[in-house]
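Novice: The following block contains the structure, expressed as structure tokens.
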Amino acid sequence: KNGENPLTDTVKTKKLTLYLVSAGEMPDLAEAETLKTLVQEKGGGGYVFNQGNEYSVIYSVFSDKALAEESGQKLVPDFSPSVIKITVDETTIRITGKSEQLKTVHSCFTYLNQCASNLEQLTRDINDKKITPLEALKEIQKLKNTVSDLQEQLKEINSSNVKVLALSDMLVLAETLLNELPTSNDSAFNQKLNYTACAYACRLYEFYCSLE
């Protein structure tokens, strides 16, 4: 097994589309922070998404466009909602390593996308009262454990590939965001989960943009 020659192969990631419900766009950060406070008071995520020349304050995230639009409508007249579509395109990464190492890299990318979908689903289920906060906490613990395991596996590869290093940073960020969630059900649990789902989706999108 140890005598296995390194392979140069391509790792292909799947496409992921998410819809961000923005409560409004602001030209400067100070105004966006003010809007963020109002959004969070209403139970919205309130992640400030820097889009270059303006800041969008993200209320929620959905995998389904119709649900995002419907959710946006409910924010009128308190806010000026819009739906922002973010697409993580299929990404192909050429990497040299043993087959196990290539598998690990592929698992990491797959899981990062999966984590965005899981957080979106959990947030929706808890807001629709389909699951209890306790059930959500169990699922979050599973996400944390997997992110932790993948970090360890990626460290073992010890690759200097720029994209693998970026992948490692994104796993650390995923862990940080998940660890910021309450570990017990407090009154703000739903809002904090919503924030994490929004923040994660935006940061994942930025991560993929940085790979191009």
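Novice: Under the Kirkwood approximation for Rh and a Cα-based Rg, what ratio Rg/Rh is obtained for region 87-210?
Specialist: Values: Rg = 15.3 Å, Rh = 15.2 Å.
Ratio of gyration radius to Kirkwood radius: 1.00.
Novice: Between residue 42 and residue 8, what is the label-to-label distance in nm when each label sits 7 Å out along the Cα-to-Cβ direction?
Specialist: About 5.3 nm separates the two model spin labels.
Novice: Per residue, what accessible area does the chain have, given a 1.4 Å probe and all protein chains present, in Å²?
Specialist: 52 Å²
Novice: For the chain, state the semi-axes of the equivalent ellipsoid (square roots of 5 times the eigenvalues of the alpha-carbon gyration tensor), sorted largest first and rounded to whole angstrom.
Specialist: The answer is 33, 19, 14 Å, longest axis first.
Novice: Given Cα pairs under 8 Å that are at least 6 residues apart, what percent is the relative contact order of region 142-203?
Specialist: This gives 33 percent for region 142-203.
Novice: Now for a different question. From the square roots a ≥ b ≥ c of the eigenvalues of the alpha-carbon gyration tensor of region 161-203, which class results: rounded (a/c under 1.5), prolate (a/b over b/c), or oblate?
Specialist: Working: a/c = 6.74, a/b = 2.51, b/c = 2.69.
Cα axes put region 161-203 in the oblate bin.
Novice: By its C-alpha gyration tensor, with a ≥ b ≥ c as the square roots of the eigenvalues, how is region 16-72 shaped: rounded for a/c under 1.5, else prolate for a/b larger than b/c, else oblate?
Specialist: Verdict is oblate for region 16-72.
Novice: So which of 74/130; 130/163; 103/129; 14/138; 42/129 end up more than 29 Å apart, counting from Cα to Cα?
Specialist: Working: 74/130 20 Å; 130/163 38 Å; 103/129 37 Å; 14/138 26 Å; 42/129 17 Å.
Table pairs above 29 Å Cα-Cα are 130/163; 103/129.
Novice: Over the Cα atoms of region 65-110, Rg to Rh with Kirkwood Rh, two decimal places?
Specialist: That ratio equals 1.36.
Novice: Is there a quick way to get the dipole size of the chain? I mean about its Cα centre, with the Cβ of Lys and Arg at +1 and of Asp and Glu at -1; what is the value in debye to the nearest 20?
Specialist: Working: 22 positive and 29 negative charges, 130 e Å.
The dipole of the chain has a size of about 620 debye.
Novice: Taking 22 Å as R0, compute the FRET efficiency from the Cβ-Cβ separation of residue 78 and residue 210 and round it to 0.05.
Specialist: Calculated transfer efficiency: 0.05.
Novice: Does region 79-152 come out rounded, prolate or oblate, given a ≥ b ≥ c as the square roots of the eigenvalues of its C-alpha gyration tensor, rounded meaning a/c under 1.5 and, failing that, prolate meaning a/b above b/c?
Specialist: oblate
The values are calculated or read from the model by the stated rules, or taken from the named source; none is laboratory data. Owing to the predicted nature of the structure, the values given are computational and were not obtained by experimental measurement. As a convention, Cβ positions derive from the backbone with ideal geometry for all residues, glycine included, and neighbour counts pool all protein chains shown. With ligands, DNA and RNA removed, areas are computed over all heavy atoms of the protein, side chains included. Shrake-Rupley method; radii C 1.70, N 1.55, O 1.52, S 1.80 Å.
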